[in-house]
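Every number in this text was worked out from the coordinates using simple rules, so none of it is lab data. Computed from a prediction, not measured in an experiment: that's the story for all the values here. All Cβ positions, even for glycine, are placed from backbone atoms using ideal geometry, and neighbour counts span all protein chains on display.
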Amino acid sequence: MVVLGPTGSGKTDLAVALARHLQTEIISTDSRQFYRGMAIGTAQPSAEELAAAPHHFIADRQPEEELSAGGYEREALAKLEELFGRHKVVVAVGGSGLYIDALCEGFDELPCDTAEIRAELNERLQTSGLESLVEELRLLDPAYWEVVDRKNPARIVRALEVCKASGKPYSAQRTATRRERPFDLVKIGIDWPREELYDRINRRVDLMMEAGLEAEARGVYHLRHLSSLQTVGYRELFDHFDGTISLDEAVELIKRNSRRYAKRQMTWFRRDPSTHWLAPHSTPEAIAIVEEWLSR
């Protein structure tokens, strides 16, 4: 089963409650919680939450060991095969739509021989900046442009690479065919009223700063060139460290960009009509859905 929702929605709390009820384990589908040294900025589960239920794909590698969606698909399926050897059901949780899709559906075969195109795009990235690539993606694939993190150069370059190599939108190739999986799925989403969610996100950023996000960001500043660090909460503080914005401006940008990210997440998640959307703090209702699903 999959627990999903936007940033700050309470996914971890619900996943832990379900895992405890089902006496099972949790596999993360968050594309940034894989990495060590980023616990605050990626809102990794607390020590108490990790103790409450076994977790996988949490701080299990260095930021330099970047894990693509395709690589995650291979590793996560292998881990699930192991976990299903001792559990009837496993809880997956996260807000990274691309990685949830990788786990649940897989990807179509995408063009492989694209090194020349990738080199040209990376050269343009260095000489002309990211915005020109983002605008080209908007023209070639407006559907993916709508949901992608438009501040993440690795994802922008990859999408354009595939568009140019195949002559087709990246989004169409990612979603055309669902791969068979050796397990059944039920998805539960947490749905907050927008203004309440945005207030939660703003407060969460303040709590992250109080918990030491600035110091954490300084600790990984030397790795800012990595895709794993092209992440809301770090990018803005890196700009502050560079002297281009004040600390107060960085915090406000983290809040704004987190809210925008939450909006894109919901746009992505709404594509799947099979998701059971629940109000916040609906653990009993979630348990009932899972129990009914298991009884079929």
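Could you tell me, in Å, what Rg and Dmax come out for the Cα atoms of region 78-199?
17.7, 52
Across region 141-148, in residue order, what do the Karplus-derived ³J(HN,Hα) couplings come to in whole Hz, using 6.51 cos²θ - 1.76 cosθ + 1.60 with θ = phi - 60° and x for Gly and Pro?
Rounded to whole hertz, the list is 8, x, 5, 6, 4, 5, 10, 6.
What do you get for chymotrypsin sites (Phe, Trp or Tyr not before Pro) in region 68-155 restricted to DSSP loop and a cutoff of at most 14 other Cβ within 10 Å of the site's Cβ?
Phe84
Once R0 is set to 41 Å, what does the formula 1/(1 + (r/R0)^6) return for the Cβ-Cβ distance between Leu185 and Ala119, expressed as a FRET efficiency to the nearest 0.05? Before the final figure, lay out the partial values.
On the way: r = 38 Å, r/R0 = 0.94.
Result of the calculation: an efficiency of 0.60.
Could you pull out the chymotrypsin sites (Phe, Trp or Tyr not before Pro) across region 158-241 that fall in loop regions by DSSP (anything but H, G, I, E, B) with no more than 16 other Cβ atoms inside 10 Å?
Working: sites: Tyr170, Phe183, Tyr198, Tyr221, Tyr234, Phe238, Phe241; in loops: Phe183, Tyr234.
Answer by residue number: Phe183.
For Lys151, list the lysines whose Cα falls under 29 Å from its own Cα; do not include residues on the same chain fewer than 8 positions away.
Lys11, Lys164, Lys168, Lys187, Lys255, Lys263
Considering all projection directions equally, how large on average is the shadow of the alpha-carbon convex hull of region 137-223, in square nanometres?
With every direction weighted equally, the projected area is 9.7 nm².
Quote the relative contact order of the chain in percent (integer), defining contacts as alpha-carbon pairs under 8 Å separated by 6+ residues.
Details: 391 pairs, mean separation 80.2, N = 296.
Rounded, it is 27 percent for the chain.
Along the principal axes of its C-alpha atoms, what lengths does the chain span, in descending order and rounded to whole Å?
Taking the Cα atoms of the chain, the three principal extents are 57, 46, 34 Å.
Modelling each spin label as a point 7 Å along the Cα-to-Cβ direction, I'd like the Ser246/Ala154 distance in nm, to one decimal.
About 3.4 nm separates the two model spin labels.
At 20 °C and 1.002 mPa s, what whole-number value in µm²/s does Stokes-Einstein give for the translational diffusion of region 1-134, with Rh from the Kirkwood sum over Cα pairs?
D, rounded to a whole number, is 130 µm²/s.
Spin-label point model (7 Å from Cα, Cβ direction): what's the Thr127 to Arg271 distance in nm?
Each label point is offset 7 Å from its Cα along the Cβ direction, giving 3.3 nm.
Per the Kirkwood definition applied to all pairs of different Cα atoms, how many angstroms is the hydrodynamic radius of region 162-268?
By the Kirkwood definition, the hydrodynamic radius is 16.8 Å.
Normalise the Cα radius of gyration of region 115-175 by 2.2 N^0.38 Å (N = residues in it) and let me know the number.
0.99
Name the residues whose placed amide hydrogens come within less than 5 Å of the amide hydrogen of Trp277, ignoring near sequence neighbours (fewer than 5 apart) on the same chain.
The answer is Gly189.
Can you list which of the GluC sites (Glu not before Pro) found in region 9-91 are DSSP loop residues with at most 14 other C-beta atoms within 10 Å?
Loop-located and lightly packed - Glu64, Glu65.
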